Amino acid sequence: MKTYTNTGNKDTRSGFGAGLTELGKTNENVVALCADLTGSLKMGDFKANHPERFFQVGVSEANMIGIAAGMTIGGKISFTGTFANFSTGRVYDQIRQSVAYSNKNVKICASHAGLTLGEDGATHQILEDIGLMKMLPGMTVINTCDYNQTKAATIAIAEYEGPVYLRFGRPKVANFTPEDQNFDIGKGLKLTDGTDVTIVATGHLVWEALEAAKVLLEKGISAEVINIHTIKPLDDKAILDSVSKTGCIVTAEEHNYLGGLGESVARILVQNNPTPQEFVATNDTFGESGTPAQLMEKYGLNSESIVKASENVIKRK
């Protein structure tokens, strides 16, 4: 089995900041808007170097979305930055009407998603944002797994014409994807080959899936791990090709199992190749305050849960 090395824990929000910094140097049409969270979103370098293209709108997220949509009419590529909860739930009407409906070239960049926001608690730990955003017609939904991939995705979406939701996180996590990678929107990445079970993971759960694959191999179980960084459009072919070999699948995500990656996978399976599936996700619940590690363990979003789900789904073949 191919192995991956953690080159050092880094937060994915810093990957966004690094990507935005790069875009500031290379693309004069990129503008950045922030809702009073410049430091948290790592947008400070862009602000310092391109003050004429940075707009601090304050605690006024709905206004930020409206301004971002309007600026695209003049040919700008608008990147908005705030927490995932405020990027989606608080401004859903503005996104639907001003961005998605008219297909505006706005990149909604959302940090502090999921349980790994940690001690800030349930009010900030949005676990339904992927579902909200993927249901909007024409909205591309991306959930990156580490610093390097987040940086690459940030750069790539500037070249993509149309609305994008880019989701990333607060904590330092394993950084294991290539530094010089090309980010291909809508293309899943097969990380390991396997014959007994397919594990499809997104975001912070990709590294946990790789760790689970190691444990499964010690138990004589061959797991194929696929990194689904783009939830919409979903790479149907990568998933269907894999389950045609393995005959069962586990989906893993830091999101409610209702409306997330798992449900998107279930749809393509039932339409093309009905296959036993297990879900590693939150079970229709809000989060709570705690450290990221404590919460991921309590809510079953870790390698141990992926191992158990894999063993269970194999029994159902």
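If you take the Cα centroid of region 280-305 and the Cα centroid of region 11-53, the two points sit 30 Å apart.
Tally Lys and Arg at +1 and Asp and Glu at -1 over the other residues with C-beta under 11 Å from the C-beta of GLU119: what net charge comes out? Taking every Cβ under 11 Å from that of GLU119, the sum is -1. Straight Cα distances below 20 angstrom link LYS315 to the lysines LYS214, LYS219, LYS245, with same-chain residues fewer than 8 positions distant left out. Considering only Cα atoms, the convex hull volume of region 1-63 works out to 137 Å³ per residue. Counted by neighbouring Cβ atoms within 10 Å, the residues TYR160, TYR299, TYR165 run from fewest to most as TYR160, TYR299, TYR165. For the Cα trace of region 189-315, dividing Rg by the Kirkwood Rh returns an Rg/Rh value of 0.94. Once the C-beta distance of VAL59 and GLU159 is scaled by a Förster radius of 22 Å, the resulting FRET efficiency is 0.10 to the nearest 0.05. Using the Cβ-Cβ distance between GLN97 and GLU218 with R0 set to 41 Å, the FRET efficiency works out to roughly 0.20. Taking the longest Cα principal axis of the chain as reference, the axis of helix 147-159 is set at about 50 degrees.
Between the C-alpha center of region 115-135 and that of region 167-225 there is a gap of 21 Å.
Rg and Dmax over the alpha-carbon atoms of region 10-173 stand at 13.9, 41 Å.
The charge dipole of the chain, taken about its Cα centre with unit charges on the Cβ atoms of Lys, Arg (+1), Asp and Glu (-1) only, comes to about 340 debye. Once label points are set 7 Å from the Cα along Cα→Cβ at both LYS187 and ASN272, what is their separation, rounded to one decimal in nm? Placing both labels 7 Å along Cα→Cβ, they lie 1.7 nm apart.
Throughout, read-outs are computed from the coordinates displayed, never taken from laboratory work. Keep in mind that this is a model prediction, so the values were computed, not measured. Glycine also receives a Cβ, built like all others from the backbone with ideal geometry; neighbour counts cover every protein chain displayed.
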